[in-house]
Structure formats: C-alpha cells, structure tokens
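The values are calculated or read from the model by the stated rules, or taken from the named source; none is laboratory data. Model, not experiment: these values are computed from the prediction. Cβ placement follows ideal geometry from the backbone for every residue including glycine, while neighbour counts extend to all protein chains displayed. For the accessible areas, the whole protein counts, side chains as well, though only heavy atoms, and no ligand, DNA or RNA atoms are used. Shrake-Rupley method; radii C 1.70, N 1.55, O 1.52, S 1.80 Å.
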Amino acid sequence: MVSMSIVTVQLGQCGNQIGFEVFNTLLNDSHSPQGLCCKRENELYQVSCKERFFSEEENGVPIARAVLVDMEPKVINQTLSKAAQSGRWKYGQHSYFCQKQGSGNNWAYGYSVHGPKHEESVMNLVQKEVEKCDSLSGFFIIMSMAGGTGSGLGAFVTQSLQDQYSNSLRMNQIIWPYGTGEVIVQNYNSILTLSHLYRSSDALLVHENDAAHKICAKLMNIKQISFSDINQVLAHQLGSVFQPTYSTEGSFHYRRNPLGDLMESLVPHPEFKMLGVRNIPQMSESSLAYSTFTWTGLLKHLRQMLISNAKMEEGIDWQVQPHFSGHPTLGKMSLNKELHFNTSIANLVILRGKDVHSADLGGFKDPALYTSWLDPVNAFSVWKTQRAFCKYEKSAALVSNSQFLVKPLDMIVGKAWSMFASKAYIHQYTKFGVEEEDFLDSFTLLEQVIASYCNL
Amino acid sequence: MGRRRRGSGAAGVGALPEAIAALSRALPGGPSPETFRRAKFDRPEAVPALRRLLLGLLSSLPEDGAADPDGQARLLRSALCARGYPRGARLPESGAGGSRELLLALAWLLAREPLLERLLARARVQLGDEVTACQRDPTPLQCELQARPCPPAHGVDTEGPVDIRFLQWLMGKLQIRWRTLASSQWEHCALLGQIHAYTQGCHSDRELGHLSVPETEALRDPEGGQQLLWRLQCENKRLEAALQWRRCELLFWQWMDSVLVTCPPEEASRPPTPPRLSGLLLSPVSRELELLSRELQTLQEGLREAAGPLRVAWEARAGARGPELEAWQQMVQMAVTRELVALKQTWEHGRAPPQPHGPCRLVQSQAAVPAGLGLQAAELMGVLRSQEACLEEALSQLQAQCQQELARLSGALPGLLWILPSHGRLAPTPSGTR
C-alpha cells in the first residue's frame, strides 16, 4: 500500500535550517543499521519513509519533497550544498526560490510585500512538487514565529495553500522565539503569525527555542550550543513522530497517512490547534552506550512530563498529581491550577523499539488527565513500531494538545499589548498595510484561544 | 395484495416446481424449493431459512445484530411494518412458527417492487471501472445502505446534556475525514488514469481500447482471475434463473393465490398497528420503542381531537389578520416562482440528449466518440456541477435559517452574550465542507 506523501515548505533562515535537519534525520534513521528489527521490516520502514518525504531520482539519490523559500540567498545556498554533500539525499535542482533583499524582521513586509509579489513563483514550485506525488496527504510548513520572512511570508503562503489545496492538510511547525528575544518587535510578529495561522492552518506544532536549548545543555551535554545543535533536537522530535509506525495494533503494515491520523486524533476542534512535542530519552551518544531503559520507566517519566508541563525528563516536578477522577467540579480546577497541573484535550504517544507490545499505557488513559468533555477513548491514541529510532533501543514521543503553551502565549500577548497600547512601532506595520484593526483582530482571537485553553 | 402480473406467460409456461426452483436460484442464498412447499402448509422447519432470506433482503444490519430467533422475528416484523406491509400483525412474534406468513411477506415484496432486479444489480460483478451517472434518486436499496446505523460515538451520554465543544470536536473530525476521503478519491482517479494509459491497446474490444482495474488484476494475479471467472459464472447462473423465473412466474402467483386461500380468516378487522413487543424479553431500546409507539398513538388521538376546534379558530383569525397573511402569501408565491424558474432551467438544460442513468464504464479514448454514444466526461461534470450548485443553494438557505434562529435566541436570552462568528474566524473553514 502506498504511503501518502507530505510536501515540506521551508521558509526563511530558521525554516530552511530546520528543514534540512529534518530530512537529514529522517534519512539517516531509515538507513541506520541499528534498527533492531528483521531485514524485511527494515525495508518496509525505509520504503514507507521514502515515499512520504522523498521522491526518487534516476540515479537513485532520493530528492526531498520540499520547496525552499527565502528572501536572501545565503541560507538557501548553504542548505542546498549541505544536502548535496551528505551524498545520501539532496534537494531538487529547481525547487528553491530566493531574492536579494530580506524582510528586516518586519512581519508586515513579509506578509504584505513579499507575499503577493512572489506568490505565483512560490506556488508554481509547490505545484511541481505536488505533481510528483501519487497521493498527497498534506503540507509541512516550517517557519519561525517572530521573524520577518519566515513568519510573515509563511503566514501568507499558508493562506495560499489553503486556497489552492483546500483538501490537503496543513501543519505548521513554528519556532517559538527565546523568551529573552533578539528582536524588539518579536511579540508583534508572533501574535500576527499565530492569529493568521489559526485561520489558515489545521495544526500548529510549536517548538520552543528555550526548551531545545535546555535539552542541548542538560541532556546532550553540549558546551557551546549552536543553532545546528538546537535544530537537530527539533528534527529528532519531528522524526520520532513522523517516521513510520504500524497502522493498527498487531499489524505489521505501516501507517499510510500519519499526518491525517494525527490531526484526526488531536486537532479536530477549531479552537484548539496548538501542539507540543516531548521526547524521552534524549542523551548524547556517548552516554547512550551505557544506558538501558524499561517501558515502565520511560512512560512513567513521560506521563509526569505531560501533567507537570516539563520540557524534558530532567527537573520534573513529581508533586503534581491528577485529582481523583469523577469529580469534574470547580474544586478540581482550582486545585489543579494551584499545582500547575497541565490538563490535556488529546494526546498521542508514539513508541518505538524492542518489546513495544508489552508497554502498558494505562497511565495515559486516566480521565483525570483530560478535559471533562472528552473521554480518554476519544482523547488518547497510541502508535507503535518495533523498529528502533535513531540508535535508541526504546524511545517514546508524546504529541500533546494541552495547556502546555498557555503561559508563554499569555506572556507574548501581554507584552505585545502593552507595546500596542503605547503605539510603539505600529507605523512600521501600517506603512505596509497591516492596520491597527488587524492587530486588534489578532489580540481578540488569541485572547479567545487563551481563554478556551484555560477553561478546559 | 397489490400484485403486478408481468407477461402473459404463454410463451414459456412450465411446471410449478420449475418456477419455484428458478426463483430460489435467483435469490441470494435462496432456500431450497422444498422450503416453499413446507411454508405453504405452515410447517415450522421452513421458518429459519425464510426468515434468514427475508432479513437479508430487508435489512443491511449485520447478522449478529439480532442473534436469537425471537429477536430476529421482532426485527423482521418491524422492518416489514416500516415498509407498509399490510399483514404485519399476523407475522410471527416469536422465532418458532409462522412460515406461511413469511412466505406471503416474501411474495408481497416480490410483487411490490422490482426486488429481483435490484438484488441482481447489487450483487453484480464489476468488470469495468465505473462511475455512476445519476445520483439524484437513489433506489430504496441504496438508501438502506446509506442509513446503516452506526455505532454510537464514544462519550455521547444521551441522558445528560452534551458539551458543545464535544460536538465541535466531532464535527471537526468529520471534516478532516472528509478531506482525507477527497484526497484518496483524487489519488484513486490518478491511479485509474495511469492504468488506463499503460494498458492502452491491450483490450480485445477495440471500442474500449484499454483494460480496467479488475481486468488488470485478473491478468496480474492468475488466482484472482480464477476467482473472478467463478464469480462471473455464478452471476450468469443467477441471471439465467431470473430469466426463467420471469417466463413462468404466472404459475407461481397462481400458486400463491392458493396459499392465500389456505390462510385462516382474520379474527377481526384490526387496523394495522405497529408491532407490539412482548414485555419479558425487552431490551432497553425496544422498551423505548414500545413507549414511543404508545405515546405516538396518544398524540395522534389528541391531535385529532385538538385539530377540529383549532382549525375553526384559525379560520376565524385568518380573516382578521388580512395584511399579514397577504405578505405571507406573497412570500410563498415568490418562493414558488423561484422554484419554477429553477425547475424550468434544469429542464431546459437537461432536455437536449436523454442522459444515461446508472453506472457507466470509464473509458479513456483519444478518438472522438460519436454523439449519442455513451456519456462524455464533460457532460457528467456539468451535471455534477449543477447538482453541486443546487446543494450549495440549499446549504446557504439552511445557514441563513440557522443564523436567524441564533439571532432569535440571542433576543430571547437577555442575560447571555451571543457572538456570531464573523467570516473565517475560528469557524471551520468553509472550503473543508465543500
């Protein structure tokens, strides 16, 4: 059975760099000799991964199903040559679009100037990529949230994709800026990106720079952390979600349409589209050789990471516990708030590795973890494969639609609002056609999102 | 019994056993001819086979839906009553007896509608890749398939109130599935196109030119080819049996008259009531059914009593409310005019060539097909587009009604703040629903 393909659109510096790491991780993993499963299964896994993310060229080198877009040539050139140098895969010869002048961290410039001006060229590239797919599941759109090109143009392109490919699914991978941001208007850019994507995308998979940075420092033991290190962490997380898994329990066929399945189980509700990813274990290769894991231990940690909203397995708050189920009263809410309990709408756990069928997921099926209007049968799903991922004998990933991001979102909206109230930098946006009313619309929408997540 | 007698029967009149044998071969999993004879004498041995046959014909429920004979008997009664079977009250209430009544019910179904044709069409072996040209009035059998009861959604507690967010969640899920379905349909079409292009010139029939998917499969997998052959042979046998039955069905109907005569006369002229369900073996659903039918009866009686005086009062009031009535009348008239114009347009649009109905074989052809032969893809697309336009019109009317209702509600509950969704905001994207 053919696996449905995903076309990736990489936008801006951040999107292009991460996109490269994602494809590199996917291909390295699928060719890794340490898959720890039989040869036949490994072959099926490879085929499934390739069909989804790569198209085959004549001389056998896989070509990423991707379109690269940036307004400056530097990063695109680097990305193209890095891929070609890998020798294992490359980007299509004519699958990129770049210009000479960036967006100067101005969302309005990316959205209102670059967007309409280059829409046709970008969409033509996308169409060529789509035509190479026997069956298209949807789009990954990788972009930063706070910059100019990735975020502004990214929001515009997502809208164009919605118009032209209304039946295909759109998942935006957006990179949340550091709390101590580099760009003064990053909060403006962020609220504009989020509010526009909330209208045109089906799911926002959010990666926090801060969290990835901490993982590099604490778990991977990297001293001088580069963007490449951070991007590898993010790529690892994405790979652990979207590499092939069995279609059903006990089946050895690989899932045909993971993007569709993921969206169906996590983001059907139009007001709850924010997803976060958590992984376990994550460590440097040198420590990996000396570690052994049990499913019970991994899942216990992963569950606590979920309910206490920890970004990694280190420094988990074990005090946070769900209140007894069956009392969906106000008492539960206030108590949970007090203990920083992270309530979920829906969760997806992905398990990869040895003895995966023996893993007990009872802890994730507790109704107390979820909002009162959705029971665990609807709210929890699990994907499995015996094939190990990236040298980890056993590993688990969690994609969660929960209150993970309420606090950082509230903070960004708050900061943007106080700047907006004093009318700071607004003229830079109105100059390019993003009016005060657009800001107000964005604030309204995001306040509504925050309120909805708070009232779970 | 409102029976139709088809054909004079003079051409191929044979013996009665032949007619019954032909019928039993033409029916899916048909009972042995002996069953019919036993049923005439109301013998209990004939019950299981006849009931299985009738259930298969009537309902698309999975067989284990009502495993016990009593449950099956009740199900059958309900299904027949729902179709307006006049002798519903005489059907057996338990699983043990009543084979003659079952035989009569089968004959009623056969006489009432082109049942046999429809069954044959349903079990038809598809050799070509097909597209259905007209979906305006699906036959009742298709309706049954569409109305197949689905398992209840998890978490829907019919007793308590349902959180609106859960409904939105389910709605969203439906939309995502719809989009996935549309994508797979697209993929399916693309693959069909590829197969047709690759096998161009392979078909022995020059008019068709290329192979269909089942034909390609049969070539690729010899075992599958054997199976296909076997299925075609079975279908042929059934078709032959159906033809034979048509030739000698008159005999069958005469025999059925004799069956009807052997029935004891009805005790009293009871009005056709919905089936009563015995109290001991009731499941919660049938208990509710029982309750509902009783309520319905009470309501109907109440309605009859209440309607008379109300009508008089209304007529009196209508006289007083002249202008309002006039406006209303005008509105109705306008709506009727609109409908008429739409109908006329459809008529004029669709009149030119008689449009083919039912399934058509998909054929990719370079050469121009002479007019009147087959259906061009462009024509079919035109029909589909006009259907889409009609549906969209209906949808927007319904949406307008909903908005009016919301506006009305927002007036009725002053303590509550209603925010109507603006365009594209948080509401599910309209593109997803098309």
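Can you order the peptides A:348-354, A:308-314, B:382-388 by their average number of other Cβ atoms within 10 Å per residue, highest first? Show your work: numbers first, answer last.
On the way: A:348-354: 22.7, A:308-314: 19.0, B:382-388: 13.0.
Put in order of decreasing packing, that is A:348-354, A:308-314, B:382-388.
Of A:G110, A:S86, A:S168, which is farthest along the charge dipole of the protein assembly as shown in the positive direction, counting Lys and Arg as +1 and Asp and Glu as -1 at C-beta?
With unit charges placed on the Cβ atoms, the residue in question is A:S168.
Going down the table (A:K82/A:K273; A:K273/A:K365; A:K214/A:K394; A:K128/A:K384; A:K100/A:K273; A:K354/B:K173), which pairs top 24 Å between alpha carbons?
Numbers: A:K82/A:K273 33 Å; A:K273/A:K365 21 Å; A:K214/A:K394 22 Å; A:K128/A:K384 33 Å; A:K100/A:K273 34 Å; A:K354/B:K173 33 Å.
With Cα atoms farther than 24 Å apart: A:K82/A:K273; A:K128/A:K384; A:K100/A:K273; A:K354/B:K173.
Of the listed peptides B:178-187, B:337-346, A:147-156, A:204-213, what is their order by residue-averaged count of other C-beta atoms within 10 Å, with the highest listed first? Before the final figure, lay out each step's value.
Working: B:178-187: 16.9, B:337-346: 10.7, A:147-156: 30.4, A:204-213: 21.2.
In descending order of packing, they fall as A:147-156, A:204-213, B:178-187, B:337-346.
Just to confirm, what accessible area per residue do you get for the range A:62-173 at 1.4 Å probe, in whole Å²?
Per-residue accessible area for the range A:62-173 comes out at 37 Å².
Which value in Å is the Kirkwood Rh of the range A:1-42 over different Cα pairs? Each step should come with its number before you reach the end.
Values: mean 1/r = 0.0805 Å⁻¹.
Kirkwood hydrodynamic radius for the range A:1-42: 12.4 Å.
Let me test this: with uniform point scatterers at the alpha carbons of chain A, what is the Debye-based log₁₀ I(q)/I(0) at q = 0.05, 0.12 1/Å?
Those come out to -0.17, -1.03, one per q.
What is the Cα centroid distance between the range A:385-430 and the range A:192-238, reported in whole angstrom?
That distance is 9 Å.
Per-residue mean of other chain beta-carbon atoms within 10 angstrom of the beta-carbon, peptide A:266-277? Each step should come with its number before you reach the end.
Details: counts 0, 4, 11, 11, 12, 5, 4, 2, 0, 0, 0, 0.
Counting other chains' Cβ atoms within 10 Å and averaging over A:266-277 gives 4.
Just to confirm the filter: which chymotrypsin sites (Phe, Trp or Tyr not before Pro) across the range A:216-314 are DSSP coil and have at most 16 other Cβ within 10 angstrom of their Cβ?
Working: sites: A:F227, A:F242, A:Y246, A:F252, A:Y254, A:F272, A:Y290, A:F293, A:W295; in loops: A:F252, A:F272, A:Y290, A:F293.
Sparse-neighbourhood loop chymotrypsin sites (Phe, Trp or Tyr not before Pro): A:F252, A:Y290.
May I ask what percent, to the nearest 5, of DSSP beta bridges between residues of the protein assembly as shown are antiparallel? Please list the in-between numbers first.
Values: 22 of 60 bridges.
Looking only at bridges with both residues in the protein assembly as shown, the antiparallel portion is about 35 percent.
Can you compute the modelled spin-label distance between A:E182 and B:E301, with each label point 7 Å from Cα toward Cβ, in nm?
It works out to 8.4 nm between the two label points.
Please sort A:274-285, A:127-138 by packing, taking for each peptide the average over its residues of neighbouring beta carbons within 10 angstrom, highest first. Working shown, then result.
Values: A:274-285: 20.7, A:127-138: 18.2.
The packing order, highest mean first, is A:274-285, A:127-138.
How big, on average over all directions, is the shadow cast by the Cα convex hull of the protein assembly as shown, in nm²? Provide the component values of the computation, followed by the final result.
Working: hull surface 196.3 nm².
Result: a mean projected hull area of 49.1 nm².
For the range A:65-173, take the alpha-carbon Rg, divide it by the Kirkwood Rh, and send me Rg/Rh. Provide the component values of the computation, followed by the final result.
Numbers: Rg = 13.7 Å, Rh = 14.4 Å.
With Rh from the inverse mean 1/r over Cα pairs, Rg/Rh is 0.96.
What are the ³J(HN,Hα) couplings of the range B:39-44, residue after residue, when phi is run through the Karplus curve with 6.51, -1.76, 1.60 and θ = phi - 60°? Round to Hz, x for glycine and proline.
Here the 3J(HN,Hα) series is 5, 4, 8, 6, 7, x Hz.
Which whole number gives the average, over all residues in B:174-180, of C-beta atoms from other chains lying within 10 Å of the residue C-beta?
On the way: counts 2, 4, 10, 3, 1, 11, 13.
Averaged over the peptide's residues, the number is 6.
Shielding by partners for A:366-376, please: the mean number of other protein chain Cβ atoms within 10 Å of each residue's Cβ. Could you put the intermediate results ahead of the total?
On the way: counts 0, 0, 0, 0, 0, 4, 3, 9, 7, 5, 2.
Mean partner-chain Cβ count within 10 Å for A:366-376: 3.
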